[in-house]
Amino acid sequence: MAWFERKTRTVTAVTDLLVVGGGINGAGIARDAVGRGLSVVLCEQGDLAGYTSSASTKLIHGGLRYLEYYEFRLVREALFERERLLNSAPHIIWPLRFILPHEKGIRPAWFVRLGLFLYDHLAPRKKLPGTDTIKLTRHPAGQGLKPGFDTAFVYSDCWVEDSRMVALNALDAFEKGADIRVRTKLVSARRDGQTWVASLQDVETGETQEIRAKAIVNAGGPFVADVLNAKLGLNTTKSVRLVKGSHIVVPRLFDTEQAFILQNTDKRIVFAIPYQEKFTLIGTTDIPVEAVPDKKVEISPDEVQYLCNVVNHFFKKQVTPADVAWSYSGVRPLFDDGSSNASAVTRDYVFDMDAPQGQAPVLSIFGGKITTFRKLSEHALEELKAFFPDMKPSWTENAKMPGGDIIDADFDRFFATVRQRWPFLPETVAHRLARAYGTRIVDILGEAKAMADLGEDFGAGLTAAEVDYLMRREWARSAEDILWRRSKLGLHVPAGAPAKIDAYIAKQRAASIAAQ
């Protein structure tokens, strides 16, 4: 059954929650809510994680630099969540060590050590090692750096496949009973006593449907203010600060498996992270923007040059804009706390509840970060508890994500079983599939005995069996969805692959319609 055959869940006369926005916060809230016994409809005008949530630096981290802005509560909460998420999704999250070369004249060494001491001790660490100090002149990590960097600090955080985390939250929510509608926008909503009457439109067919909901959660990300003002006709004293963050991907700059966190002279930090074996991911920038562009957000030449300049200051191997293999940008919806510096704007989240006496509420989410989405979701449901007194208790703290039920969260042992069961897979393909799908890999590979059993190969090990799974289970509807958000194979497939994938999807759809 492909995505277009999948029937929309029947909406009861009044659903409990309408969640607007299919980023990490919207998907996380939908998952938490349906697990507490609420009926949920989630609408997303584009693809899941199609905006900010797929444009992150792809880290589960406490936010070391946030300590400099006294964000102790946020950092502590994020450090707790780092361990919980690592346990819940060991296939798409894994530990990563970060090397911070000490740059004299930017931050004193004692100041950095103090920050790292707090980072190690603000929350318990069960799986991640603490901070070390290394001499770069004697450590392999120093070989790729320019002379003059003698000392570095090494600490732990985690990598995450960001857009897959969104898809898995949506999948878990769907399997628990939520109605997930992608390519479906909220046209408008109005209060009718203790319910909202919302008009939802399928952006592909133009079909419009009205639903009733007892409450709306506005998780529109960078569009949160637009949802409040234009769609719901409400005003709020809180506002969102839109900050564009951009990244570049270049051929690999260094041979170590650790990532680097680089201090720039403007007091910002830039990450340089090993990416997909052959590349280095570099980012991010912080550029204030007035509004979310109508078209896809893109990196500017000045941002590219800024990131090149930062890494060129540290590494022997120099990069130019011509070396950029790929770039991506996103607009982060930060809560406007009045900071004049975009880098200093709080990454914490803020809720805005509009609930006039006797009328249906709307809860709007301002800010947030991928690391704290689960806790944010818990807090959002606590805000709504007064309107749903029969809501069940929170449940996600120790729950596994789809595919994350790996024994002892031991990915290496799990991967060995994958290699044993499907020995025909090239090791790189097997590893990517195990990382992306965890125990759900069986839903793709099944009883296959050879690569030919998996259907057409679109390149880089992406087969028809995987495309079918992504259409059927994860709402993928285009080559872009599959190559840049679900599989991250866009850098590896041949030039003609996107057109072939789109043609394959269209063919599957036509065959399905004809069979009905």
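The values are calculated or read from the model by the stated rules, or taken from the named source; none is laboratory data. Model, not experiment: these values are computed from the prediction. All Cβ positions, even for glycine, are placed from backbone atoms using ideal geometry, and neighbour counts span all protein chains on display. SASA here: full protein model, heavy atoms, side chains in, ligands and nucleic acids out. Shrake-Rupley method; radii C 1.70, N 1.55, O 1.52, S 1.80 Å.
Structure data summary
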quantity: Residue match in segment 63-70 (condition: hydrophobic (A, V, I, L, M, F, W, C), surrounded by fewer than 24 Cβ atoms within 10 Å (Cβ to Cβ) and touching a residue at least 24 places away in the same chain (Cβ under 8 Å)); calculated: yes
quantity: Within segment 236-254, considering residues that are out of contact with any helix residue (DSSP H, G or I) (no Cβ under 7 Å at 6 or more places or on another chain) and over 23 Å from Gly22 (Cβ atoms), the one least open to solvent (accessible area, probe 1.4 Å); calculated: Val249
quantity: Count of segment 79-98 residues which are crowded, with 22+ Cβ neighbours inside 10 Å and acidic (Asp, Glu); calculated: 1
quantity: Per-region count, segment 131-151, residues under 29 Å from the mean Cα position of the chain (by Cα) and among the aliphatic types (A, V, I, L, M); calculated: 1
quantity: Within segment 158-170, considering residues that are in contact with a Lys or Arg (Cβ under 7 Å, 6 or more places away or on another chain) and small (Gly, Ala, Ser), the one surrounded by the most Cβ atoms within 10 Å (Cβ to Cβ); calculated: Ala167
quantity: In segment 48-73, the residues that are of a type in the set (Ser, Thr, Tyr) and within 25 Å of Leu100 (Cα to Cα); calculated: Ser56, Thr57, Tyr66, Tyr69, Tyr70
quantity: Close pairs (7 angstrom Cβ cut-off, 6 or more residues apart or separate chains): closer than 16 Å to Arg477 by Cβ and without any contact (Cβ under 8 Å) to a residue 60 or more places away in the chain in segment 494-516, among the β-branched types (Val, Ile, Thr) and part of a helix (DSSP H, G or I) anywhere; calculated: Ile501/Val467; Ile501/Ile482; Tyr504/Val467
quantity: Selected residue (only one of Ala355, Ala259 is modelled with pLDDT of 90 or more, within 20 Å of Leu145 (Cα to Cα) and of a type in the set (Gly, Ala, Ser)); calculated: Ala259
quantity: Matching residues in segment 99-126 - criterion: being buried (at least 21 other Cβ atoms within 10 Å of the Cβ) and outside any helix (DSSP H, G or I); calculated: Ile99, Leu100, Pro101
quantity: Given (1) at pLDDT 95 or above; (2) in contact with a Lys or Arg (Cβ under 8 Å, 6 or more places away or on another chain), number of the condition Phe366 does not satisfy; calculated: (1)
quantity: Close pairs (7 angstrom Cβ cut-off, 6 or more residues apart or separate chains): open to solvent by less than 50 Å² (accessible area, probe 1.4 Å) in segment 263-282, part of a strand (DSSP E or B) and small (Gly, Ala, Ser) anywhere; calculated: Val270/Gly283; Phe271/Ala259; Phe271/Gly283; Ala272/Ala259; Ile273/Ala259; Pro274/Ala259; Thr280/Ala272; Ile282/Ala272
quantity: Of all residues in segment 127-157 being in contact (Cβ under 8 Å) with a residue 60 or more places away in the chain and either part of a loop (DSSP other than H, G, I, E, B) or open to solvent by 30 Å² or more (accessible area, probe 1.4 Å) (or both), the one that is nearest to Phe254 (Cα to Cα); calculated: Gln143
quantity: Filter result for Ala215 (of a type outside the set (Lys, Arg) and crowded, with 20+ Cβ neighbours inside 10 Å); calculated: yes
quantity: Residue list for segment 239-256, filter: in contact with an Asp or Glu (Cβ under 9 Å, 6 or more places away or on another chain), at pLDDT 95 or above and outside any strand (DSSP E or B); calculated: Arg252
quantity: Leu186 vs. criteria out of contact with any Phe, Trp or Tyr (no Cβ under 6 Å at 6 or more places or on another chain), within 23 Å of Gly368 (Cα to Cα) and part of a loop (DSSP other than H, G, I, E, B); calculated: no
quantity: Residues that are within 15 Å of Ala27 (Cβ to Cβ) and either open to solvent by 50 Å² or more (accessible area, probe 1.4 Å) or in a loop (DSSP other than H, G, I, E, B) (or both), drawn from segment 218-233; calculated: Ala219, Gly220
quantity: Pair list, Cβ < 7 Å and 6+ apart or interchain, from segment 299-328 residues that are farther than 22 Å from Gln276 by Cα to residues that are open to solvent by less than 20 Å² (accessible area, probe 1.4 Å) and among the hydroxyl-bearing types (Ser, Thr, Tyr); calculated: Glu303/Ser246; Glu303/Thr285; Tyr306/Thr285
